[in-house]
1. Report, by chain and number, residues whose modeled amide H sits under 5 Å from the one on Val167, excluding near sequence neighbours (fewer than 5 apart, same chain).
2. First check a/c for segment 196-252, with a ≥ b ≥ c the square roots of the eigenvalues of its C-alpha gyration tensor; if it is under 1.5, answer rounded, and if not, answer prolate when a/b is larger than b/c or oblate otherwise.
3. Go through segment 30-38 residue by residue and turn each phi into a ³J(HN,Hα) via Karplus (6.51, -1.76, 1.60, θ = phi - 60°); whole Hz please, and just put x for glycine and proline.
4. Taking square-rooted eigenvalues a ≥ b ≥ c of the alpha carbon gyration tensor, is segment 97-166 rounded, prolate or oblate, where a/c under 1.5 means rounded and, failing that, a/b exceeding b/c means prolate?
5. Run a plain Debye calculation on segment 137-220 (Cα atoms as equal point scatterers, no solvent) and give log10 I(q)/I(0) at q = 0.20, 0.21 Å⁻¹, rounded to two decimals, same order as the q list.
6. Quick one: length gained pulling Lys188 to Tyr253 fully straight, 0.36 nm per residue minus the C-alpha distance?
7. Given the options Thr223, Thr213, Thr75, state which has the largest fluctuation in a GNM of the chain using a 10 Å cut-off (strictly under) for Cα springs.
8. Rounded to the nearest 0.05, what FRET efficiency do Lys23 and Ala52 give with R0 = 22 Å and r taken as the Cβ-Cβ distance? Could you check?
Amino acid sequence: MSTHHPRKRFGQHFLTDQHIIDKIVAAIDPHPKQNLIEIGPGLGAITLPVLALCQQLTVIELDRDVIPILQEKCTDIGTLNVIQADVLKMNFDKFGANLRLIGNLPYNISTPLLFHLMKFHAQIQDMHFMLQKEVVDRLVAKPHSKDYGRLSVMMQFYCEMERCFNVPPGAFNPPPKVDSAVVRIIPKKHLPMVNADHLSDIVRLAFGQRRKTLSNALKPLLTKAQIEQCQINPQARAETLSVNDFIKLAQVY
């Protein structure tokens with residue numbers, strides 16, 4: 001079988017630590033007949049054990065060169081449906097409902113990918129992703145912490161978030177320069193009545209310059225009186241507001 005060298009331009013770091021692989025598969029808990037899709041399977045570290053448990057798996061892979069290696073490895077394990085595509089341009093509507101998304105996500109696209117997936121939140125059952133630890137810190141962050149920001153608020157608006165465990169650089173080839181972590185993301189079944197674009201605009205402005213007070217940061221969108229109408233201090237800063245506070249501001253807007 002041909003060997004494949006990880007490619008920097010695809011942000012490839014292949015998972016090689018069997019203990020970590022086992023922990024990820026246990027966290028996913030795959031079963032037959034589930035609508036499982038793996039993003040960026042690489043050389044199949046997670047693909048093979050998941051496919052062995054669920055018998056059928058769709059994978060989305062950008063790197064053409066790893067696909068034949070992956071297909072060869074999976075020949076006798078189960079049915080592998082390979083889509084060669086850029087996941088950032090993928091329309092997940094075509095995969096139907098109750099999607100379970102998994103993957104060791106390339107660090108260079110993880111944040112834009114999470115925002116892309118939120119367009120399809122209604123049909124996603126859950127997601128188990130390995131990400132840069134710093135990104136997971138931001139996903140699960142609470143108000144009043146340095147990690148709390150736009151990503152925290154927008155993702156927590158759509159989903160429940162749970163850090164599963166951290167993963168050291170030595171679990172990969174080549175080892176990345178950062179720690180990683182596995183996160184479980186479960187989209188909420190019922191979202192508050194608010195225009196998501198309005199919410200996004202307010203959150204982006206509020207965190208655009210973190211040191212600004214809300215009344216200054218949100219001046220293009222909301223008056224001081226409108227902020228006060230939400231029982232929020234216009235002199236407060238963005239990182240002190242809860243997700244519900246931002247929802248109230250978006251409802252007024």
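1. Close amide H contacts, sequence-distant or interchain: Ser180, Ala181, Val182.
2. Working: a/c = 1.25, a/b = 1.05, b/c = 1.19.
Rounded is the answer for segment 196-252, as its axis ratio a/c remains below 1.5.
3. Along segment 30-38, the couplings run x, 9, x, 6, 7, 8, 8, 10, 9 Hz.
4. Note, shape of segment 97-166 comes out prolate.
5. -0.99, -1.03
6. Working: separation 65, 0.36 × 65 = 23.40 nm, distance 2.31 nm.
In short, 21.1 nm is gained.
7. Thr75
8. Working: r = 16 Å, r/R0 = 0.73.
Computed FRET efficiency for Lys23 and Ala52 comes out at 0.85.
Each value in this text was obtained by applying a stated rule to the coordinates, not by laboratory testing. Quick caveat, the model's predicted, so the values are computed rather than measured. Cβ: placed from backbone, ideal geometry, glycine included. Neighbour counts: every protein chain shown.
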